[in-house]
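To start, the structure itself, in structure tokens.
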Amino acid sequence: MSTDKLNLLNYDRDGLAQLLTDMGEPGYRANQLMQWLHQYGQPIDAMTNLSKVLRQKLTENTVIAYPEVVSEHCSEDGTYKWLMKVGPYNHVETVFIPEDDRGTLCVSSQVGCALNCSFCSTATQGFSRNLTVAEIIGQVYVAVRRLSRDNGKHDRQVTNVVMMGMGEPLLNTDNVVKAMAIMMDDFAYGLSKRRVTLSTSGVVPELIRLKGMSDVSLAVSLHAPNDTLRDQLVPINKKYPLQTLLSVCRDYFPKHSRRRITYEYVMLEGVNDSLAHAKELIALFNNMPAPKINLIPFNPFPQSHYRCSSRSTILAFQAALLAADLVATIRKTRGDDIDAACGQLVGDFVDKTKRRERMLKAAQVKQDLQPELV
Ligand code: SAH
């Protein structure tokens, strides 16, 4: 949307308070404004408990702009996938996964991704740009409204958000943290910190910064028990190897809090799924606060040369971890019939020129991250 007006969805509550103060209005009106925006989803002229003068100022200077849903797919298992347009040539995917006791929204943080994990389809797209706060929280805004149309028929509430869509959230930390603050704000979506999870491949300095900025839940994409293998699967490991990453994870949550990091481990046949790998993984967590390991069956995509480990291999791997007193769960694959499962999100089809541009941008980001390796 091309406009000079400020987008109200770009602001967390402190930001709205500042905006109102700048307009000569009391900052505490931010509470009401936030409710109108996020809880009631109403346009400015419907915000009846704000003065006419304030509504006029808001109309003159601001807009409420959110991503446009370009397509919607619903899986046989009830999973929704939306393709959302965030500007010319830029699209992201957002997925809603209903379960018996919760509804999880999987939200994107970037258009494409620069990290090039070898088993992830988003990597094949290259990198375009970071999403704004409005484009991140806008995915929640749009999904909540879309799902409420179904209410009465089904119980489809967004109770959890995971930053596990397209992109690396910790390469867009400031915008992601603000958007998560809106998710957790009682005047907006009111989700508890346990129900908002950021997933990272391990951008260590940003992880340290995140710890001081937000108390959301954390998932770390581990995928390998040693550096040689992790270097291949998650190339950012060359910059921040396992011991560097785990030393930050070790005291990420205060000991008394009983909160634990979830480590994600994608199961790739013949690559990282042997009992020897399980043993190495167990040794890696020696002297670490009890981790929770989430085994993710690999979801294939057209250009991938990996295969998912067999069910019996995954079960044996899990059994080895459980026998060593680690908590180990197996993620249920959802929405794979509509390519909405982990690692299958690619946004839109982009033409050849755009794709080249994005691959170049991804290479540039990688070079900025690890110049010594390029
Ligand atoms: N960049 C972030 C968040 C996006 S990916 C991160 O790396 O954590 C969310 C999760 O899906 C990560 O654990 C990622 O490694 C996993 N994933 C990626 N591709 C996958 C695939 N093809 N099959 C299964 N899981 C995959």
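Examine region 64-79 for a residue that is surrounded by 20 or more Cβ atoms within 10 Å (Cβ to Cβ), on the phi > 0 side of the Ramachandran plot and within 16 Å of the ligand (Cβ to nearest atom), and state whether such a residue exists. Scanning region 64-79, I find no residue that is surrounded by 20 or more Cβ atoms within 10 Å (Cβ to Cβ), on the phi > 0 side of the Ramachandran plot and within 16 Å of the ligand (Cβ to nearest atom), so the answer is no. Between R156, R146, R194, the distinction of being among the basic types (K, R), assigned to a loop (DSSP other than H, G, I, E, B) and away from the ligand (no atom under 16 Å from the Cβ) belongs to R156 only. The set of residues in region 103-116 being under 26 Å from R194 (Cβ atoms), more than 8 Å from the ligand (Cβ to nearest atom) and outside any strand (DSSP E or B) consists of V107, S108.
Summed over region 209-226, residues that are without any contact (Cβ under 8 Å) to a residue 40 or more places away in the chain and not β-branched (V, I, T) total 4. For region 17-31, filtered to residues that are assigned to a helix (DSSP H, G or I) and touching a Leu at 6+ places or on another chain (Cβ under 6 Å), the residue that is farthest from I182 (Cα to Cα) is R29. Considering E72, E25, E76, the condition of being over 21 Å from the mean Cα position of the chain (by Cα), within 28 Å of E264 (Cβ to Cβ) and touching a residue at least 24 places away in the same chain (Cβ under 8 Å) is satisfied by E76 alone. Residues of region 129-141 include none that is touching a residue at least 12 places away in the same chain (Cβ under 8 Å), surrounded by 21 or more Cβ atoms within 10 Å (Cβ to Cβ) and touching a Cys at 6+ places or on another chain (Cβ under 6 Å). The condition of being crowded, with 22+ Cβ neighbours inside 10 Å and among the β-branched types (V, I, T) holds for only one of V95, V158, that being V95.
The single residue among A278, A328, A323 that is aliphatic (A, V, I, L, M) and within 16 Å of the ligand (Cβ to nearest atom) turns out to be A328. Taken together, the criteria exclude V140 from residues that are within 15 Å of the chain's Cα centre (by Cα) and within 15 Å of the ligand (Cβ to nearest atom). Could you check, for region 261-278, whether at least one of its residues is assigned by TED's automatic domain parsing to the domain that holds C342, among the charged types (D, E, K, R) and without any contact (Cβ under 8 Å) to a residue 40 or more places away in the chain? Checked against the condition, which is being assigned by TED's automatic domain parsing to the domain that holds C342, among the charged types (D, E, K, R) and without any contact (Cβ under 8 Å) to a residue 40 or more places away in the chain, region 261-278 yields no hits at all. Taking region 56-100 as the region of interest, the strands (runs of 3 or more DSSP E) fully inside it that hold 1 or more residues being among the polar types (S, T, N, Q), in the same structural domain as A143 (by TED's automatic domain parsing) and in contact with a Ser or Thr (Cβ under 9 Å, 6 or more places away or on another chain) are 90-98. Identify, from the list F96, F119, the residue that is more than 15 Å from the ligand (Cβ to nearest atom) and aromatic (F, W, Y). Answer to the check: F96. For region 345-364, the set of residues classified as modelled with pLDDT of 70 or more and crowded, with 20+ Cβ neighbours inside 10 Å consists of R358, A362, listed by residue number.
Working only within region 211-233, note down all residues that are touching a strand residue (DSSP E or B) at 6+ places or on another chain (Cβ under 7 Å), more than 11 Å from the ligand (Cβ to nearest atom) and of a type in the set (A, V, I, L, M). Listed by number, the list holds a single entry, V216.
Before we move on, is E206 within 22 Å of the chain's Cα centre (by Cα), outside any helix (DSSP H, G or I) and either free of Cβ contacts under 8 Å to residues at least 12 places away in the same chain or assigned by TED's automatic domain parsing to the domain that holds M164 (or both)? Spelling it out, it is not the case that E206 is within 22 Å of the chain's Cα centre (by Cα), outside any helix (DSSP H, G or I) and either free of Cβ contacts under 8 Å to residues at least 12 places away in the same chain or assigned by TED's automatic domain parsing to the domain that holds M164 (or both). Can you name every residue in region 175-191 that is in contact with a strand residue (DSSP E or B) (Cβ under 9 Å, 6 or more places away or on another chain) and away from the ligand (no atom under 14 Å from the Cβ)? Correct list: N175, V177, A179, M183, M184, Y189, L191.
The values are calculated or read from the model by the stated rules, or taken from the named source; none is laboratory data. Since the structure is predicted, the reported quantities are computational estimates derived from the model, not experimental observations. A quick note on method: Cβ atoms are made from the backbone with ideal geometry, for glycine too, and the neighbour counts reach across all protein chains shown.
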